[in-house]
Amino acid sequence: MTQPASTTDATFAALESEVRRAAAQLASAEAVENFRLDWLGRKQGRLKRLSESLLASAAIEEKKQIGQRFNALKTLVEAELETALERTRGSLWSDQSLRRERIDVTLPGTRRQIGAEHPITRTMNELVAIFAALGYSVGVGPQVETDYYNFESMNFPPGHPARDTQDTLVVAGQQRRAPRDRLLLRTHTSPVQMRTMEQQPPPVRIVIPGKVHRNDAADATHSPVFHQVEGLCVDKGITFSDLKGTLDHAMKALFGSSVRTRFFPSFFPFTEPSADVQISCIFCVGKGCRRCKQSGWIELLGCGMVDPAVFAFAAEKQPAYDPRLISGFAFGMGVERIAMMKYGIREIGQFYSGDMRFLEQFA
Amino acid sequence: MNILTTWLRALLPELTVTDAQLGEDLTLRGIAVEGIHDLGSGNGSLFEMDITTNRVDAMNHYGVAREAATIYGLTLAPGAAPLPAAHPAAAPFPVRIEAEDACGRFTARVLRQIKIAPTSSVNGPISSFASRMFTLLEQKQISNAVDASNFAWLAMGQPTHAFDLDKIHGGIVVRRARKGETLKTLDGVERALDPEDLIVADHAKPLALAGVMGGWETMITPATTNVLVEAAWFDPVAVRRTARRHGLHTDASHRFERGADFAAAPLASAIVSALLLENGGHCEGDLVDLQIPAIAARTANRPPVALALAQVHRLLGQTHDSEGIATATVESILSGLGCGLVPQTESGTGEAWLVTLPSWRLDLEREIDLIEEIARVHGYNRFANTLPAFSGAVAARPGAAAESLLRFTLRAAGVHEAIGSTFCSADDAALTEPQPRAAVPLENPLSAEAGLLRPSLIPSMLAMLGGNLHRDIADVRLFELGTVFADASPRSASAGRAAEQLIERVEESLSLAIGLAGSVAEDGLVAALELDFFHLKGIVEQLVACFAAQSVLFDTFPSDCALTPAWLHPFRSARLSVNGLTLGWLGELHPREAAARKFRSRVLVAELAVDRLLTLPLRRPALRELSHFQPVRRDFSLLVPGRLCWADLDRAIAALGIPEILDWRLREILATGPGIPADHQALLVSITFQAADRTLRDDELQAFTAAILAATERLGIRLRASGTQ
Ligand SMILES: [Zn+2]
C-alpha cells in the first residue's frame, strides 16, 4: 500500500508547524530536554517512529522524496532545539537546576581491574633492574640441560651428591648416553654462566633469572620448582672485594640502604673462595627476632670468585678465559626466598597455586 | 656433629676467649657453629657444627682446635701422650698390602694381656677424660675397646679398628675379595663378597670390609685378651664402592670416602692403645707401619704449590685496613694451618713461596686454594666493599621487550599472571593432542601424576582454574607465560615414537596460556557480564595487535578432521593463524573436560605459541593524517543468510577499497524480529566515511552506499532498512 504524495506533504507540513509551536513555548531546560527526547529520542522518538512507519510502507520510487522531507523535518527540529537551548541556558545552569543532578560522591568508584604481576616475576624484574644499572645484561638458557653444563663444567666432581637422582630430576632413558650428554632439569641457573662464556670473550657481566628444578619434597619453604637469579662478572682485575661491594650494593638497593651484609666462608664447586652472604634482619633491624632465629642476620645468597677450573672449561671454546689473566665472581640467590621475605609470604606453594585471592594482592 | 669446648680447651690450654666468641670466630671462618648449648658450670658448651663437605678434616675436636689455634695464633697440645715401652716381639706382626691401589697405609699394633671393661670403670688420665667427654656428649659407653675407637674418632676423625688377635690366622693381608668368599659383619649380616670389595683378611679368610665395617668373628668380646689395633688409610673410591655395594654407611666409610689424613694413623693407634692399656696389659713390638709411596705422593707428600703475593692481591682486592694482606699475614695464616713455606727469591716477581700442604687438607691442591685459606682465616668481612669499573653497554635480550609488552597487555585486560607446574600426567598430555611432538618423560618423577615435562600450558592452567573454582572463587582471570617441552630427537620417518627410542634433544618453547571463568570484572555498580568466547578473543586480538602482521585469521575446522585440540569445544573454538602460521587455539573448554573437572561455570582457555609470535616485529604506530572534515556515519541493517559469517561481510567491505571508508563496526545482532526471515539474522553495521581533503557530498555518499549494497547483494545479503542519524 502506498500513500499519495499530497498526504505525505500534508503530514509533514502539520508536523513542522507542531514543532515550531511547541519549541516556542519551551521555558526551562527541563522542558527543552523533554522536547528533545520526544522528537529525537533514539528508541521512542517521534522521528524514529515516523521514519519506520513511512519508509516501511513507501514505494521505492517515493522513498527518495520522503527521505528529503524527513531530513528537512529533522533539520527543523534540531534548529528549534538549538534556539530553545540558547534561550533557556541560564536556567539550565542555575544552582537550583544543577542540584537535581547531585550525586553521592561517597559511592564506590567504578574501577577497571588491572591484572597483577606475579610476585616472582616482580622480584626477578627488580633484581634484574638492580644489576642492569651496574652494567649487567640479561642471560637465559634452557631448563633441560646436559650434565656437562649443569655439573661437569661447573666443576662438580663425578661422585658429587648433587649429581645423584636423589637431588636431580633426569630425563628418562639417559643411562645409555655418555655421562656428560645426559639430559636433566637444571638444578641451578649456573649453566648459563658457561653457555655465555662459550659465546663471548671477557669482559662479561650477565644477570641470569630463571626457573630451576630439584628432586625435593615440597614443604612450607621448599618446592621442587623454584627460581634463581644468578650473576657473573668476568674481567681483568675483578676481586673478592668487588664481589663484596657489588652484593652489598645490590642488597641495599633491594632492601633499603640501612641493610648491612656479612660474608661467611662457604663451599661451592664452581667458586673459590666461596661465601654465604647474610643481610641484617629486615624484620627486627638486627635486634633478633623469630624470623632470624634471634641472630639478627638472615642468610640470603651464595657467591664466590669463579674457580679457575670453571675458566678452564670455558677456555676450551674461548681461550681468553685464562685464569692467570682474568678473574671474576659469580653469585646466586633464590627468588622465592627473597619474595617471601619482602611480602611476608609464609607458604612457598602459594606462588604456584594460581589462587586469585593471593595473586590479586599484587595488582 | 657436636663439639665440646671443654675438649677444645684441653687441646688449647692457652685459649682465653669465651665460648660465645669462639663460636662466632669459628663461624666467620667457615667452621660454622650453628648452635651453642651451655652444659652447666665447669662443663663448657656444646657446639652444634655445620661444616661443609670439603672440610672433613675439621669434623672432629682436633680439627676444630687446629682452626682455633690458627685464628688466635696458639699452640696445639700434642694429640696423645707417648705409650709405655713395648715388650719385645720375636718378629714384627705380619702385614701385607696386596691392593696397593686402594690401601695407602696400614698400621698394626699388638696389645697383650688386655682386660675388656666399661671405660667408666677404668682408671687413668685418658680414660677418665674420655669418660667425661662421653657423658657430656651423651654418648653411650660400651667397653674400653669400643670406646677407645670412638674416642679416637671423636678426637681426630680417624677410624680405627680393634681385632681379637687370637682369632687372626697368620697375619693381615689387605686385598680384594675373591669370588665366593663371605663375611659376617659386626651388624650380624652374612655377606657374599664381590671381587671388587676391598677387605682386610688374614691368611685364611676375610676379617673386615676395609674402611667400612669389622667382622663378627674377630670382634672384641669380654673374653678377649690380645688385641690388634688397626689404623689405616683406604682409598675414597674403593671404600665408596664397597659401602654402596653392601648398602652400608658408617662413620668410617663416611670419612674414608671423603679422604682421610694419611699421617693420622700412628697417632690414632696410639690414642686407642693408650686407652686400652690403662686397664692393664702391654704393647708388643713396634708399630707395624706399611705405606704405599705412590699413594703417599698424592696425599701426605703432595708436591709443593707455588704462591705469589701478587696473585693474592689480584684476586682478593682491598681490605679495610690500609696495609692489606701483608707478607707476614700470609706466612702466619698458612703456617698456622700446617703448611710449610719456602720463600722464593726469583727477582722481579715480588714475594713468592713454595708451599707444602698438610696431609689432612686434601682439599688444598692449587694456588687458589691457598688464596682462599688466606681470605678465610684473615676474615671475609675485613675486605673492603668496592665496585669494579665498567665500560660497555647493557645489551637487551631479544624478545624481552615483546614479552614485557605481552604481560602489560594481559594485565591491562585484567588478567593476573600465574606460574603453574612444570610437570603433567599422561592423561594431561593426551588432552593436548594432537601435538606434533611427543612429551618428555622423566626417569625419576616427583610423582606418577607428574611423570612428563608439560608439552602444553593447558594442564597446569586447568589445574589452577580448578583450584579457584573449587574454592568458590567465581571470577578467575589467569595467564601463564612459561616454557613447554617436546622431544625433538631426530627420528627416522618410519620409526614413530617407540618407547625405547633415546631422547637426545628436548625442544623448549615459550608459550602463553590464558584461562578465564566467571564474569567481566564486576565492580562498583556496573552489572556483571558473563565472560564468553569473544572476551577471550578480544584479549587475543589485542595481544596479536602488539605485533606487525600481514594477516590475522581466526578459523575453525570440521570436527571430524581431528585438528582441534581435545581440550576445546569443537564449535566454540578457533584457531589463530598469523601470516599463514598457526599461532594457537582459543575457545570454551570442552564440556566433557569441564564435567570431568566438575566445573560448573563456563571456562575459556587459550594457548598461543609465543616463540612464533616473537618472530614478528613489534607493531610501530603508523599515523594517519587527521582530517579537518566532518565524518559521516551511515547505519545499515542487513539481512544475512545463516550460511554466511561476519568475516564474509567484513571482507566484502574491506575489498571495496574505498579510501573514504574510515571505519565500520558491528553494532547489533538480531536473530528474530519483524522482517527477519528464518535462517537469517539482522546485523546493524555502522560505517563512517571521511575524506582527508573535503567535505563529502551527498552524491558521493550515495555512491559509496550503493557500492556497499551491491557488494553485499552479491553475497546474498539484503538491506533490511536504512536510516540516518
Ligand atoms: Zn630478626
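The values are calculated or read from the model by the stated rules, or taken from the named source; none is laboratory data. Just so it is clear, the structure is predicted and the values come from calculations on it, not from any experiment. Neighbour counts run over all protein chains shown; Cβ positions are idealised from the backbone, glycine included.
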Checklist outcome for this item: The one condition residue B:139 fails out of (1) surrounded by fewer than 17 Cβ atoms within 10 Å (Cβ to Cβ); (2) among the polar types (S, T, N, Q); (3) in a helix (DSSP H, G or I) is (3)
Next on the checklist: Condition (residue is among the polar types (S, T, N, Q), facing chain B (nearest Cβ under 8 Å) and touching a helix residue (DSSP H, G or I) at 6+ places or on another chain (Cβ under 7 Å)) applied to segment A:228-239: is it met by at least one residue?
Outcome noted: yes
Item to check | Failed condition for residue B:166, given (1) surrounded by fewer than 22 Cβ atoms within 10 Å (Cβ to Cβ); (2) among the acidic types (Asp, Glu); (3) in contact with a strand residue (DSSP E or B) (Cβ under 8 Å, 6 or more places away or on another chain) | outcome: (3)
Next on the checklist: Among the residues of segment A:302-314, are any in contact (Cβ under 8 Å) with a residue 40 or more places away in the chain, assigned to a strand (DSSP E or B) and more than 11 Å from every other protein chain (Cβ to nearest Cβ)?
Outcome noted: no
Checklist entry - Taking only pairs six or more apart or across chains, which ones have beta-carbon atoms under 8 Å, a first residue in segment A:274-285 that is closer than 22 Å to residue A:155 by Cα, and a second residue that is of a type in the set (Phe, Trp, Tyr) and outside any strand (DSSP E or B)? => result A:275/B:380
Item to check | Pairs with Cβ under 6 Å, 6+ apart, first in segment A:290-301 and assigned by TED's automatic domain parsing to the domain that holds residue A:276 and under 10 Å from residue A:278 (Cα atoms), second within 8 Å of the ligand (Cβ to nearest atom) and part of a loop (DSSP other than H, G, I, E, B) | outcome: A:296/A:281; A:296/A:286; A:296/A:288; A:298/A:281; A:298/A:292
Checklist entry - at pLDDT 95 or above and in a helix (DSSP H, G or I), is that true of residue B:110? => result no
Next on the checklist: If the requirement is being buried (at least 19 other Cβ atoms within 10 Å of the Cβ), among the aliphatic types (A, V, I, L, M), assigned by TED's automatic domain parsing to the domain that holds residue B:175 and on the phi < 0 side of the Ramachandran plot, which of these qualifies: B:117, B:80, B:108, B:65?
Outcome noted: B:108
Checklist entry - Can you name the residue in segment A:297-333 that is among the charged types (D, E, K, R) and away from the ligand (no atom under 16 Å from the Cβ) and is also nearest to residue B:371 (Cα to Cα) among such residues? => result A:307
Next on the checklist: Here is a check on your reading of the model: is residue A:30 free of Cβ contacts under 8 Å to residues at least 24 places away in the same chain, more than 14 Å from every other protein chain (Cβ to nearest Cβ) and out of contact with any Asp or Glu (no Cβ under 9 Å at 6 or more places or on another chain)?
Outcome noted: no
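Just to verify a result, which residue in segment B:624-675, among those that are assigned to a loop (DSSP other than H, G, I, E, B) and of a type in the set (D, E, K, R), is nearest to the chain's Cα centre (by Cα)?
Residue satisfying both the conditions and the ranking: B:624.
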Checklist entry - In the set A:214, A:291, A:262, which member is within 16 Å of the ligand (Cβ to nearest atom) and more than 18 Å from residue B:318 (Cα to Cα)? => result A:291
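Results for (1) in the same structural domain as residue B:326 (by TED's automatic domain parsing); (2) surrounded by 14 or more Cβ atoms within 10 Å (Cβ to Cβ); (3) in contact with a Gly (Cβ under 8 Å, 6 or more places away or on another chain); (4) in a loop (DSSP other than H, G, I, E, B), shown as yes or no for each residue.
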residue: B:360; (1), (2), (3), (4): yes, yes, yes, yes
residue: B:368; (1), (2), (3), (4): yes, yes, no, no
residue: B:371; (1), (2), (3), (4): yes, yes, no, no
residue: B:377; (1), (2), (3), (4): yes, yes, yes, no
residue: B:389; (1), (2), (3), (4): no, no, no, yes
residue: B:392; (1), (2), (3), (4): no, no, yes, yes
residue: B:405; (1), (2), (3), (4): no, yes, no, no
residue: B:411; (1), (2), (3), (4): no, yes, yes, no
residue: B:414; (1), (2), (3), (4): no, yes, yes, yes
Item to check | Flag for residue B:307 being crowded, with 22+ Cβ neighbours inside 10 Å and at pLDDT below 95 | outcome: no
Checklist entry - Taking segment A:292-319 on its own, how many of its residues are closer than 15 Å to residue A:194 by Cβ and surrounded by 16 or more Cβ atoms within 10 Å (Cβ to Cβ)? => result 10
Checklist entry - Can you tell me which residue in segment A:340-363 is nearest to the other protein chains (Cβ to nearest Cβ), limited to those that are charged (D, E, K, R) and assigned to a loop (DSSP other than H, G, I, E, B)? => result A:355
Item to check | Within segment A:76-108, considering residues that are under 43 Å from the mean Cα position of the chain (by Cα) and within 14 Å of chain B (Cβ to nearest Cβ), the one nearest to residue A:34 (Cα to Cα) | outcome: A:103
Checklist outcome for this item: Filtering segment B:253-286 down to residues that are in a loop (DSSP other than H, G, I, E, B), over 18 Å from residue B:122 (Cα atoms) and of a type in the set (D, E, K, R) yields B:261
Checklist entry - Is it the case that some residue within segment A:182-197 is in the same structural domain as residue A:332 (by TED's automatic domain parsing), outside any loop (DSSP other than H, G, I, E, B) and at pLDDT below 95? => result no
Item to check | Only listed residue being in a helix (DSSP H, G or I) and either out of contact with any strand residue (DSSP E or B) (no Cβ under 7 Å at 6 or more places or on another chain) or not assigned by TED's automatic domain parsing to the domain that holds residue B:254 (or both), chosen from B:56, B:17 | outcome: B:56
Checklist entry - Yes or no: residue B:647 at pLDDT 90 or above and over 29 Å from residue B:627 (Cβ atoms)? => result no
Next on the checklist: Which condition from (1) closer than 30 Å to residue A:248 by Cα; (2) outside any loop (DSSP other than H, G, I, E, B); (3) modelled with pLDDT of 90 or more; (4) within 12 Å of chain B (Cβ to nearest Cβ) is the one that residue A:126 breaks?
Outcome noted: (4)
Checklist outcome for this item: The lone condition residue A:248 fails out of (1) within 10 Å of chain B (Cβ to nearest Cβ); (2) surrounded by 23 or more Cβ atoms within 10 Å (Cβ to Cβ); (3) under 22 Å from residue A:135 (Cβ atoms) is (2)
Checklist entry - Any idea which residue in segment A:143-181 is nearest to the other protein chains (Cβ to nearest Cβ), counting only those that are part of a helix (DSSP H, G or I) and in contact with a strand residue (DSSP E or B) (Cβ under 8 Å, 6 or more places away or on another chain)? => result A:174
Next on the checklist: If a residue must be within 14 Å of chain A (Cβ to nearest Cβ) and closer than 24 Å to residue A:269 by Cβ, how many such residues does segment B:38-63 contain?
Outcome noted: 11
Item to check | When residues of segment A:265-288 are limited to those that are closer than 29 Å to residue A:310 by Cα and within 15 Å of the ligand (Cβ to nearest atom), the one farthest from the chain's Cα centre (by Cα) | outcome: A:278
Checklist entry - Got a sec? Which of B:35, B:23 is outside any loop (DSSP other than H, G, I, E, B), touching a strand residue (DSSP E or B) at 6+ places or on another chain (Cβ under 6 Å), within 14 Å of chain A (Cβ to nearest Cβ) and exposed (fewer than 15 other Cβ atoms within 10 Å of the Cβ)? => result B:35
